[in-house]
Amino acid sequence: MACDIAHTSDLHLTGLSGLGWRQLAGKRLLGYLSWAFRRRREHRPEVLAALRKDLEAAPPDVLLVTGDLTHLGLPDEFSEAAAFLRRLGGPERVLVVPGNHEAYARSSYEEGLGRLAPYLPTEAPRPTEGPPAWGHFPRVDVRGEFAFVGLSTAIPTPPFSAAGRVGVPQSRRLEAMLSELGKEGLFRILYLHHPAESGVVRPRKDLEDRALLLDCLEKTGVELILHGHAHRSVRSRLRIRGEDVWSLGVGSASAMGLEGEERRARYHRLRLERERGGVRLTLTASKWDPESRSFAAADAEDLGVIRHARAVDQTVLDSGN
Ligand SMILES: [Fe+2]
């Protein structure tokens with residue numbers, strides 16, 4: 001069995017038109033000024049239109065959106081983000097986790113993440129002492145032998161901070177979920193906004209409780225990690241339970257790249273294909289080409305075979321035949 005994934009992140013798709021000053025208290029005012037002076041020229045609707053076209057031309061089995069759909073996390077931005085997601089596909093195909101911009105300032109579930117409701121897990125949020133969004137996460141969506149586990153690292157933070165946190169309640173649920181999915185022999189793909197590995201972003205933008213997450217993963221194992229947030233593509237290997245696990249970050253899907261080519265818009269296509277001994281991972285990066293004003297795919301790269309439980313069992317069965 002194979003699965004084609006498209007991984008997009010940091011779409012920052014909202015326009016912020018017609019905003020009143022009353023909506024711009026505190027950190028949001030600073031964020032608005034950053035948008036007015038720089039970000040609105042960087043994150044462009046024409047790039048997102050080209051992204052949509054590219055995805056429509058070859059629809060993936062699963063489209064992952066690892067957060068930062070908005071700029072300031074305002075109610076109208078969430079509604080605009082939900083409308084954009086609807087154009088990309090239904091919730092059975094489009095899987096979303098929030099980023100730090102969705103928690104730009106503290107807001108209620110109804111005025112915030114709740115407006116993305118069709119794209120959140122359907123069960124009621126669990127009680128949590130953390131931000132409202134945490135109650136829905138981790139989310140699990142199983143497609144054949146592939147389990148997509150989405151984690152929220154979105155928390156309200158002070159001005160100039162873009163940090164993230166997993167939190168103890170969520171990490172406990174994550175541990176239980178990954179253990180269960182591992183026992184079932186599923187191939188587990190963890191997706192989150194902030195990088196699970198250190199050194200990718202500056203400390204003020206980093207995951208505050210990385211040790212908690214890595215401890216959890218060391219207990220349970222995981223086959224693949226995908227993230228955004230850095231606005232450039234990064235590849236790391238995390239040593240987990242004696243295996244080198246890929247942690248793949250994708251750049252912003254809407255950026256013109258005003259600060260350099262490496263920050264220009266891109267998204268990843270990941271093909272997971274079962275073969276003897278594991279699942280082969282192939283990565284194809286598609287980048288925004290300002291000349292043709294469309295996304296152009298680079299050559300596919302073979303990232304090797306990832307071992308996992310069911311594949312090992314299957315090898316035993318195969319060799320017995
Ligand atoms: Fe971010």
What do you reckon, is Asp61 in contact with a Ser or Thr (Cβ under 8 Å, 6 or more places away or on another chain), touching a residue at least 60 places away in the same chain (Cβ under 8 Å) and either open to solvent by 30 Å² or more (accessible area, probe 1.4 Å) or acidic (Asp, Glu) (or both)? no
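Listed here are the residues, each with its yes/no results for (1) within 16 Å of the ligand (Cβ to nearest atom); (2) within 26 Å of Glu145 (Cβ to Cβ).
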site: Arg188; (1), (2): no, yes
site: Lys205; (1), (2): yes, no
site: Asp215; (1), (2): no, no
site: Arg237; (1), (2): no, yes
site: Arg241; (1), (2): no, yes
site: Asp244; (1), (2): no, yes
site: Gly251; (1), (2): yes, no
Given Arg28, Arg39, which one is more than 21 Å from the chain's Cα centre (by Cα), within 16 Å of the ligand (Cβ to nearest atom) and assigned to a helix (DSSP H, G or I)? Arg28
The range 184-196: number of residues that are more than 15 Å from Ser9 (Cβ to Cβ) and buried (at least 18 other Cβ atoms within 10 Å of the Cβ): 3
Look at Pro195 and say whether it is closer than 30 Å to Trp35 by Cβ, at pLDDT 95 or above and within 16 Å of the ligand (Cβ to nearest atom). yes
Mind checking which residues of the range 233-263 are over 13 Å from the mean Cα position of the chain (by Cα) and more than 22 Å from Leu214 (Cβ to Cβ)? Ser254, Ala255, Met256, Gly257, Leu258, Glu259, Gly260, Glu261, Glu262, Arg263
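Among the listed residues Gly257, Gly278, identify the single one that is at pLDDT below 95, within 30 Å of Leu13 (Cα to Cα), more than 16 Å from the ligand (Cβ to nearest atom) and not polar (S, T, N, Q).
Values: Gly278 fails: within 30 Å of Leu13 (Cα to Cα).
Checking each option against the conditions leaves just Gly257.
The values are calculated or read from the model by the stated rules, or taken from the named source; none is laboratory data. Bear in mind the structure is a predicted one, so any value in this text is a computation, not a measurement. In this analysis, Cβ positions are derived from the backbone assuming ideal geometry, glycine residues included, and neighbour counts consider all displayed protein chains. Surface accessibility is based on the protein's heavy atoms, side chains included, excluding ligands, DNA and RNA. Shrake-Rupley method; radii C 1.70, N 1.55, O 1.52, S 1.80 Å.
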